[in-house]
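**Student:** To start, I am sharing the structure in question, which I have written as structure tokens.
The values are calculated or read from the model by the stated rules, or taken from the named source; none is laboratory data. If you're wondering where the values come from, they're calculated on a predicted model, not measured in any experiment. Cβ coordinates were reconstructed from backbone atoms using ideal geometry, including for glycine residues, and neighbour counts include every protein chain displayed.
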Amino acid sequence: MIGRRVTYRTVDGVRIPGTWRHVFIRNGGYFLTDLLIYADGLVDCWGLVTVEEFEEKVRSGWVATTLPDGAGASAHGMARWKFSETRNRLTPELLVAEVRDTIDRLNRRPDSIGRCLAAVSVFLADRTEENRAAARTAFLAIPASRRRQALGDMDSKDWPLRTLVAGPGGRTYLPQDPPVSQESYDRALAYFEDRARLRAEHDARTPTDGPATPHTPTVRLFPLCPDEPVADPGHLALRDDYPAPVTFGGVLYPSVTHAYWALSVTRPEVHDAITDADTAAAARGLAASAARREGWDHLRTAVMTGLLRAKYDQHPRLAEILLATDDAVLVYDDLDSAFWGENAGSGRNWSGRLLELVRSELHARRAGFPEQ
């Protein structure tokens with residue numbers, strides 16, 4: 001079964017999320033490897049293929065679901081062995097169904113479980129045999145390996161589901177289950193009624209510490225910035241290289257970027273040249289060929305935090321632009337730094353994170369919260 005492992009690949013600067021599971025590839029022998037599944041519908045099974053091509057590779061045995069006794073197998077660089085007394089849990093149909101479900105989840109679409117629960121909700125609202133049949137069809141479309149997890153209830157597992165969709169006198173998909181009695185059916189109905197009540201109570205509950213996710217759309221700060229101030233800069237003003245003079249340590253710098261790079265160097269004359277540079281890009285260029293202050297990689301985050309605080313303290317109008325982003329995630333792109341920029345998922349986005357910190361401090365000050 002496919003778990004919650006997270007990976008990605010980058011295509012033209014765009015991050016494509018993915019996940020993986022273990023499989024055996026049959027190429028002469030059997031090789032234990034990772035099957036990588038991506039949100040754009042491509043699957044890597046020793047080469048990127050579409051879902052349709054992957055299905056053919058499964059049916060041909062290239063991606064193996066049958067592991068015969070005595071066959072040789074290996075995990076690259078780890079071990080070799082032969083299969084003995086194997087119990088094969090996968091079929092080609094089951095593996096392909098799991099992969100299709102995974103692609104749906106990666107795209108935040110309802111997978112087979114989501115579609116089944118939606119059909120069950122329709123039946124519970126209008127209990128016709130037609131709606132029950134639709135719910136049963138949707139339930140049986142869930143890969144057999146996932147049915148017991150469909151309700152997220154490890155005590156009841158899928159008993160309420162298989163009982164509900166079978167109906168009084170009906171048979172479940174498990175041959176060992178007896179015909180559904182009216183008592184069992186009523187218990188299943190009560191289960192779903194309790195489940196709906198508990199879910200409504202959960203959804204209505206206000207988290208003690210506020211929401212875990214922002215309610216404001218993400219704001220991306222692209223690496224396009226004017227060399228001169230503009231009348232209505234919008235989110236451009238949140239860039240470190242926006243020309244907003246900042247006084248720090250008794251020195252006036254043309255922008256946060258000027259200050260950051262000037263403070264990073266060891267020689268006073270280079271510091272002054274960077275400070276006097278015509279543009280933020282020129283300041284960065286001068287710093288690139290100069291020696292960094294010892295231990296700068298340990299100092300830089302604290303220095304940048306101080307510079308951002310100074311910028312928004314000294315420019316109330318720009319502080320209002322930052323505050324207007326509310327609780328949005330701020331994604332900062334920096335073509336020259338994977339430390340400061342998010343850079344299509346390849347960077348750490350420290351500039352964006354520090355802007356969110358300073359924004360929170362501004363909100364706290366406005367609320368009258370005591371400063372430390």
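**Student:** Modelled with pLDDT under 95 and either touching a Gly at 6+ places or on another chain (Cβ under 6 Å) or under 26 Å from residue 363 (Cα atoms) (or both): is that true of residue 313 in this structure?
**Tutor:** Values: modelled with pLDDT under 95: no; either touching a Gly at 6+ places or on another chain (Cβ under 6 Å) or under 26 Å from residue 363 (Cα atoms) (or both): yes.
No, not satisfied.
**Student:** Can you tell me which residue within the stretch 248-268, out of those that are in contact with a helix residue (DSSP H, G or I) (Cβ under 7 Å, 6 or more places away or on another chain) and small (Gly, Ala, Ser), is surrounded by the fewest Cβ atoms within 10 Å (Cβ to Cβ)?
**Tutor:** 264
**Student:** Being loosely packed, with under 10 Cβ neighbours inside 10 Å and of a type in the set (A, V, I, L, M, F, W, C) is the filter here; which residues of the stretch 198-214 pass it? Walk me through how you get there before you give the answer.
**Tutor:** Quick first cut of the stretch 198-214, residues loosely packed, with under 10 Cβ neighbours inside 10 Å only: 201-213.
Scanning the stretch 198-214 gives 204, 212.
**Student:** So, one more: Can residue 319 be described as farther than 13 Å from residue 354 by Cβ, buried (at least 19 other Cβ atoms within 10 Å of the Cβ) and among the aliphatic types (A, V, I, L, M)? Spell out how you get there, then give the answer.
**Tutor:** Numbers: farther than 13 Å from residue 354 by Cβ: yes; buried (at least 19 other Cβ atoms within 10 Å of the Cβ): yes; among the aliphatic types (A, V, I, L, M): yes.
So residue 319 fits the description; yes.
**Student:** Turning to a different aspect of this structure: Tell me the residue from 301, 305 that is closer than 21 Å to residue 225 by Cα and modelled with pLDDT of 95 or more, please. It would help to see each step written out before you state the result.
**Tutor:** Details: 301 fails: closer than 21 Å to residue 225 by Cα.
The unique qualifying residue is 305.
**Student:** Report those helices (runs of 4 or more DSSP H) wholly inside the stretch 65-155 carrying at least 2 residues which are surrounded by fewer than 15 Cβ atoms within 10 Å (Cβ to Cβ) and free of Cβ contacts under 8 Å to residues at least 40 places away in the same chain. Steps first, please.
**Tutor:** Details: elements: 92-106, 112-125, 129-140.
Per the criteria, 112-125, 129-140.
**Student:** Assess whether residue 310 counts as being part of a helix (DSSP H, G or I) and surrounded by 14 or more Cβ atoms within 10 Å (Cβ to Cβ).
**Tutor:** Details: part of a helix (DSSP H, G or I): yes; surrounded by 14 or more Cβ atoms within 10 Å (Cβ to Cβ): yes.
Considered against the rule, which asks whether it is part of a helix (DSSP H, G or I) and surrounded by 14 or more Cβ atoms within 10 Å (Cβ to Cβ), residue 310 comes out as yes.
**Student:** Okay, next question. Quick test for you: out of 330, 357, pick the one residue that is surrounded by 15 or more Cβ atoms within 10 Å (Cβ to Cβ) and aliphatic (A, V, I, L, M).
**Tutor:** Details: 357 fails: surrounded by 15 or more Cβ atoms within 10 Å (Cβ to Cβ).
Only one candidate passes the filter, namely 330.
**Student:** In the stretch 323-354, how many residues are in a helix (DSSP H, G or I) and either within 25 Å of the chain's Cα centre (by Cα) or not assigned by TED's automatic domain parsing to the domain that holds residue 250 (or both)?
**Tutor:** Pass one, the stretch 323-354, residues in a helix (DSSP H, G or I): 323, 343-345, 350-354.
Keeping just the survivors that are either within 25 Å of the chain's Cα centre (by Cα) or not assigned by TED's automatic domain parsing to the domain that holds residue 250 (or both) gives 343-345, 350-354.
Count: 8.
**Student:** Consider residue 25 carefully, then state whether it is closer than 25 Å to residue 144 by Cβ and assigned to a strand (DSSP E or B). Working first, answer last.
**Tutor:** Working: closer than 25 Å to residue 144 by Cβ: yes; assigned to a strand (DSSP E or B): yes.
Yes: the conditions hold for residue 25.
**Student:** Which residues, counting only those in the stretch 18-40, are over 19 Å from residue 90 (Cα atoms) and either exposed (fewer than 15 other Cβ atoms within 10 Å of the Cβ) or among the acidic types (Asp, Glu) (or both)? Give the derivation first.
**Tutor:** Just the residues of the stretch 18-40 that are over 19 Å from residue 90 (Cα atoms), to begin with: 18, 28, 38-40.
Those that are over 19 Å from residue 90 (Cα atoms) and either exposed (fewer than 15 other Cβ atoms within 10 Å of the Cβ) or among the acidic types (Asp, Glu) (or both): 28, 40.
**Student:** Checking residue 342 against (1) surrounded by 14 or more Cβ atoms within 10 Å (Cβ to Cβ); (2) farther than 21 Å from residue 220 by Cβ; (3) out of contact with any Pro (no Cβ under 9 Å at 6 or more places or on another chain), which single condition isn't satisfied?
**Tutor:** (2)
**Student:** Further question: Pick from 245, 233: which is surrounded by 11 or more Cβ atoms within 10 Å (Cβ to Cβ), touching a strand residue (DSSP E or B) at 6+ places or on another chain (Cβ under 9 Å) and under 21 Å from residue 320 (Cα atoms)? Reasoning before the result, please.
**Tutor:** Details: 233 fails: touching a strand residue (DSSP E or B) at 6+ places or on another chain (Cβ under 9 Å).
Going through 245, 233 in turn, just one is surrounded by 11 or more Cβ atoms within 10 Å (Cβ to Cβ), touching a strand residue (DSSP E or B) at 6+ places or on another chain (Cβ under 9 Å) and under 21 Å from residue 320 (Cα atoms): 245.
One line per residue, one yes/no per condition, for (1) in the same structural domain as residue 341 (by TED's automatic domain parsing); (2) touching a His at 6+ places or on another chain (Cβ under 9 Å); (3) over 13 Å from residue 96 (Cα atoms):
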site	(1), (2), (3)
14	no, no, yes
19	no, no, yes
24	no, no, yes
27	no, no, yes
30	no, no, yes
34	no, yes, yes
53	no, no, no
64	no, no, no
77	no, no, yes
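**Student:** Something else: Any residue at all in the stretch 38-47 that's over 26 Å from the mean Cα position of the chain (by Cα) and outside any strand (DSSP E or B)? Before the answer, list the steps.
**Tutor:** First, the residues of the stretch 38-47 that are over 26 Å from the mean Cα position of the chain (by Cα): none.
Scanning the stretch 38-47, I find no residue that is over 26 Å from the mean Cα position of the chain (by Cα) and outside any strand (DSSP E or B), so the answer is no.
**Student:** Confirm whether residue 181 is at pLDDT below 95 and surrounded by fewer than 19 Cβ atoms within 10 Å (Cβ to Cβ).
**Tutor:** Working: at pLDDT below 95: no; surrounded by fewer than 19 Cβ atoms within 10 Å (Cβ to Cβ): yes.
Criteria not met by residue 181.
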